[in-house]
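So the structure is just underneath, and the comments pick up after that.
The values are calculated or read from the model by the stated rules, or taken from the named source; none is laboratory data. Source: prediction; values computed, not measured. Cβ placement follows ideal geometry from the backbone for every residue including glycine, while neighbour counts extend to all protein chains displayed.
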Amino acid sequence: MSTKPSVGQGPGVRRVAPWLALGIVVVVGGLYWTSQRPAHGAGPARSSAGEVMFVLTPRAVSDGHFLVDVQVNTHSGDLAQLDLQAATELRVAGQTLRPVAPVTLRGHHARGRLEFALARAPDAYEIVIRGVRNMGDVTFRWP
């Protein structure tokens, strides 16, 4: 009588199964991560003209808000007087949107997050920050 294992139960299957499961997790995780980014893979945009330097990094849409991380740096005074909620506009598909929540900045080097009421990440858009310390308008465009 043969004691040969049936198909799918040999030691090779037991060695491959964990790797297969890991591969599935990586693929599904990758699909989730790419769905959280703007479709065009937007990276950070920087401005270095003037007294204040901005770095804006678009993130994802979460709970109906398009999120954009912002870093602000200066060596000429405190950033606390800068009201990003009032100074910032998102322009997308003929609309102009303001951030829905204030961004509190303090000191010479600050970070925050701009949140715009938008159901999905836009493919092409611009963010304008107006009237910062006599710099005029600072415009960031994606792509």
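Results for (1) under 14 Å from V72 (Cα atoms); (2) among the acidic types (D, E); (3) crowded, with 19+ Cβ neighbours inside 10 Å; (4) modelled with pLDDT of 95 or more, shown as yes or no for each residue.
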{"residue": "A86", "(1), (2), (3), (4)": "no, no, no, yes"}
{"residue": "L114", "(1), (2), (3), (4)": "yes, no, yes, yes"}
{"residue": "E126", "(1), (2), (3), (4)": "no, yes, no, yes"}
{"residue": "N134", "(1), (2), (3), (4)": "no, no, no, no"}
{"residue": "P143", "(1), (2), (3), (4)": "no, no, no, no"}
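Residues are listed down the side, and each one gets a yes or a no for (1) in contact with a Leu (Cβ under 6 Å, 6 or more places away or on another chain); (2) touching a residue at least 40 places away in the same chain (Cβ under 8 Å); (3) farther than 26 Å from A124 by Cα:
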{"position": "V52", "(1), (2), (3)": "no, yes, no"}
{"position": "V61", "(1), (2), (3)": "no, yes, no"}
{"position": "S76", "(1), (2), (3)": "no, yes, yes"}
{"position": "G94", "(1), (2), (3)": "no, no, no"}
{"position": "R98", "(1), (2), (3)": "no, no, no"}
When only residues in the stretch 39-50 that are exposed (fewer than 14 other Cβ atoms within 10 Å of the Cβ) and over 18 Å from Y125 (Cβ atoms) count, which is farthest from the chain's Cα centre (by Cα)? A49
In the stretch 56-75, how many are outside any strand (DSSP E or B) and buried (at least 20 other Cβ atoms within 10 Å of the Cβ)? 0
Can you name the residue in the stretch 104-142 that is outside any loop (DSSP other than H, G, I, E, B) and among the aliphatic types (A, V, I, L, M) and is also nearest to G50 (Cα to Cα) among such residues? V138
Extreme residue, farthest from the chain's Cα centre (by Cα), among residues of the stretch 88-100 that are of a type outside the set (S, T, Y) and surrounded by fewer than 13 Cβ atoms within 10 Å (Cβ to Cβ): G94
